Amino acid sequence: MKVYVAEEAGFCFGVRRALDILEELHEEKHEIQTYGELIHNRTVVEKLTTQGIHSIDSLSQIEPGKKLVIRTHGIPVDTEESLKREPVDLVDATCPLVKKLHRIAAKVRENDKDVQFIIVGDPSHPEIIAAASYAPGVVIIASEEEAMGLPYNKEMAVMAQTTFDSECFQSIVSILKEKSGNLKVYETICNATIVRQEAVKRLAPFVDFMVVIGGNNSSNTKKLFNIALERNKNTFHLESYDDLNSNRSNLLSRVQHFQSVGITAGASTPPEDIQKIKTFFYNINSNRVKEINHGRSKRNAEH
Ligand code: SF4
């Protein structure tokens, strides 16, 4: 099968940076906990667990003497302040581009209390929960429909989750411009997100089917999946190479007539997973898939 990997896929700068921080601490023989899962990828989190690095989500779970690393998505300001009061050695692995959201949110709220501040993103995602904590009263929306439902406000400001769909954000901005005399737009979608989304837009229409690899709870993976699906109805999500193995026969039966696959991966997907899945598809072709299925049906019939 012909295999095409999107020009930009997999680990972004923020994820690599967080893993480098952790690796350095691990090599220096520090004992480590992370506050929240470091990144949204099960393969990586399980690997960290085997190294004795566990994630916690409350102050009561802090183990004295260990380094406590803050996850890439950041934490709410009150949690950070509470952690700073604890006798714990904090290491901040929040992506600097996520930190920028915190600074903008705090600045907007501090400078003008009357401005209607809007964050475009998933209200249940840790990044947005953390950013919103810097701007009490902020309104969080996730769609054009929600933007249309907002009342007119003379002064508005808007920023987006770093992994939000850039086209959808621009469309929301156009709607908000009609709802405000003065709309200040902060461009906070990170470049890693934009280039991954653009690459999948180019690749998806070009191949027979698409595979999007990434964590079930990864926001940017979900966006890549939706963007691919809009352009290629034969789009599948795989959490990891292990996920491929457990869904192998189902997936093979659905792609057996196809000749080409496009692969993309969320910003938390490790290169090993991409490589293994790429090799898996590279090593099959339509005839061989038919043989495997044929053999399996024959064996089933014999039993
Ligand atoms: S996707 Fe962007 S904002 Fe999120 S961790 Fe990666 S570089 Fe940082």
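The values are calculated or read from the model by the stated rules, or taken from the named source; none is laboratory data. The model shown is predicted, which means the values in this text are computed figures rather than measured ones. So basically every Cβ, Gly included, is an ideal-geometry build from the backbone, and we count neighbours across all protein chains shown.
One table, with the values for the structure above:
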read-out: Among (1) at pLDDT 95 or above; (2) within 30 Å of Pro64 (Cβ to Cβ); (3) not hydroxyl-bearing (Ser, Thr, Tyr), the one test that Ile141 misses; value: (2)
read-out: Test for Lys290: is it at pLDDT 95 or above, out of contact with any Gly (no Cβ under 9 Å at 6 or more places or on another chain), among the basic types (Lys, Arg) and surrounded by fewer than 20 Cβ atoms within 10 Å (Cβ to Cβ); value: no
read-out: Single residue of segment 149-196 satisfying the filter (small (Gly, Ala, Ser) and out of contact with any Gly (no Cβ under 8 Å at 6 or more places or on another chain)) that is farthest from Phe117 (Cα to Cα); value: Ser166
read-out: Pair list, Cβ under 8 Å, 6 or more apart: segment 38-61 residue under 18 Å from Glu127 (Cα atoms) and touching a residue at least 12 places away in the same chain (Cβ under 8 Å), other residue within 16 Å of the ligand (Cβ to nearest atom) and part of a strand (DSSP E or B); value: Leu38/Val69; Ser55/Thr34; Ser55/Tyr35; Ile56/Thr34; Ile56/Tyr35; Asp57/Tyr35
read-out: Subset of segment 66-82 that is charged (D, E, K, R) and in contact (Cβ under 8 Å) with a residue 12 or more places away in the chain - its residue that is nearest to the ligand (Cβ to nearest atom); value: Arg71
read-out: Test: residue in segment 86-95 that is touching a helix residue (DSSP H, G or I) at 6+ places or on another chain (Cβ under 7 Å), part of a helix (DSSP H, G or I), away from the ligand (no atom under 14 Å from the Cβ) and at pLDDT below 95; value: no
read-out: Lys100 surrounded by fewer than 22 Cβ atoms within 10 Å (Cβ to Cβ), within 26 Å of Ala192 (Cβ to Cβ), in contact (Cβ under 8 Å) with a residue 60 or more places away in the chain and of a type in the set (Lys, Arg); value: yes
read-out: Segment 13-25 - residue that is closer than 26 Å to Gly52 by Cβ and touching a residue at least 40 places away in the same chain (Cβ under 8 Å) and, of those, farthest from the ligand (Cβ to nearest atom); value: Leu25
read-out: Filter result for Glu63 (surrounded by fewer than 17 Cβ atoms within 10 Å (Cβ to Cβ), more than 16 Å from the ligand (Cβ to nearest atom), assigned to a helix (DSSP H, G or I) and not hydrophobic (A, V, I, L, M, F, W, C)); value: no
read-out: Any chance Lys154 is over 17 Å from the mean Cα position of the chain (by Cα), under 19 Å from His73 (Cβ atoms) and touching a residue at least 12 places away in the same chain (Cβ under 8 Å); value: no
read-out: Those strands (runs of 3 or more DSSP E) lying entirely in segment 109-228 with at least 1 residues buried (at least 23 other Cβ atoms within 10 Å of the Cβ); value: 116-120, 153-160, 209-213
read-out: Residues satisfying the stated conditions in segment 233-284, i.e. surrounded by fewer than 22 Cβ atoms within 10 Å (Cβ to Cβ), within 16 Å of the ligand (Cβ to nearest atom) and in a loop (DSSP other than H, G, I, E, B); value: Pro270
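For every residue, the table says whether it meets (1) part of a helix (DSSP H, G or I); (2) among the aromatic types (Phe, Trp, Tyr).
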{"site": "Tyr4", "(1), (2)": "no, yes"}
{"site": "Val15", "(1), (2)": "yes, no"}
{"site": "Leu22", "(1), (2)": "yes, no"}
{"site": "Glu37", "(1), (2)": "no, no"}
{"site": "Val45", "(1), (2)": "yes, no"}
